[in-house]
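Working notes, beginning with the structure itself.
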Amino acid sequence: MARLGKSMNALYLFRHAKAEPKNLDGDRDRVLAERGRADAKAMAAIVVKRAIAPELVLCSGAARTRETLAILLPALNPAPRIVTEDEIYLADARQLLKRLRSVPEAVESLMLIGHNPGLQELALLLSDRSSGPQMAKLAEGFPTAALACFDVLLPWPALQPGGATLTAMLTPA
């Protein structure tokens, strides 16, 4: 049940920063490249400037997402609750939407740190397409270390395709 006076939730979809190429250790264990670490630090500065402060962070269990989060974490104030889930790793849009629907209604702001193509597909699925230039930018791609910011009017369990408004598409550049 929604609280009185609550107008919307905030959703932040963050694609991990640039990772090293695949190696014999496998895709899940790839760490950030030097450029990825620099981009994650740049995004941390943007997060501070915009006062982005999710109360819950859902993070893929892959090394590159956890490393991205570690760089970003000092910028998140107050510190969020963090949940690392292997199920987010390479999940498609429908799986990610299902996960978002399981977030408790009391959570007002949420960041999901994951991978493409699922993250871009989720962003396009959720968007109500009223965001003009932001939507066009998202449709072109979801680059590494990018952050898509959404306003969500419905409680998480009721989240539907088209149920969010893209308010910003931020990149380190």
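Just a few scattered comments:
- Flag if PRO157 is under 26 Å from ALA38 (Cβ atoms), of a type outside the set (Lys, Arg), surrounded by fewer than 15 Cβ atoms within 10 Å (Cβ to Cβ) and modelled with pLDDT of 95 or more: no
- For LEU97, the conditions (1) out of contact with any strand residue (DSSP E or B) (no Cβ under 6 Å at 6 or more places or on another chain); (2) under 17 Å from ALA62 (Cα atoms); (3) surrounded by 14 or more Cβ atoms within 10 Å (Cβ to Cβ); (4) not β-branched (Val, Ile, Thr) are fulfilled apart from (2).
- Qualifying residue in the stretch 62-80 (condition: closer than 16 Å to ASN9 by Cα and modelled with pLDDT of 95 or more): yes
- Residue within the stretch 116-129 that is over 14 Å from LEU13 (Cα atoms), part of a helix (DSSP H, G or I) and of a type in the set (D, E, K, R) present: no
- Applying the criterion of being closer than 24 Å to PRO54 by Cβ and among the charged types (D, E, K, R) to the residues of the stretch 9-27, the residue that is surrounded by the fewest Cβ atoms within 10 Å (Cβ to Cβ) is LYS18.
- Scanning the stretch 127-154 for residues that are of a type in the set (A, V, I, L, M), at pLDDT below 95 and under 21 Å from THR65 (Cβ atoms) returns a single hit, LEU138.
- Selection of first residues in the stretch 79-90 that are within 13 Å of ALA53 (Cβ to Cβ) and of second residues that are modelled with pLDDT of 95 or more and surrounded by 13 or more Cβ atoms within 10 Å (Cβ to Cβ), restricted to Cβ pairs under 7 Å at least 6 apart or on distinct chains, gives the following pairs, ordered by first then second residue: PRO80/PRO54; PRO80/GLU55; PRO80/LEU56; PRO80/VAL57; ARG81/GLU55; ARG81/LEU56.
- Answer residue from the stretch 52-101, given it is small (Gly, Ala, Ser) and part of a loop (DSSP other than H, G, I, E, B) and is farthest from GLY114 (Cα to Cα) among those: ALA79
- Of the candidates PHE150, PHE142, the single residue that is within 12 Å of the chain's Cα centre (by Cα) and within 20 Å of ALA42 (Cα to Cα) is PHE142.
- Criterion (of a type outside the set (Asp, Glu), over 25 Å from THR167 (Cα atoms) and out of contact with any helix residue (DSSP H, G or I) (no Cβ under 8 Å at 6 or more places or on another chain)) met by exactly one of LYS22, LYS49: LYS22
The values are calculated or read from the model by the stated rules, or taken from the named source; none is laboratory data. This one's a predicted model, so the numbers in the text were calculated from it and none came from an experiment. Don't worry about glycine lacking a Cβ; one is built from the backbone with ideal geometry, like all the others, and counts go over all protein chains shown.
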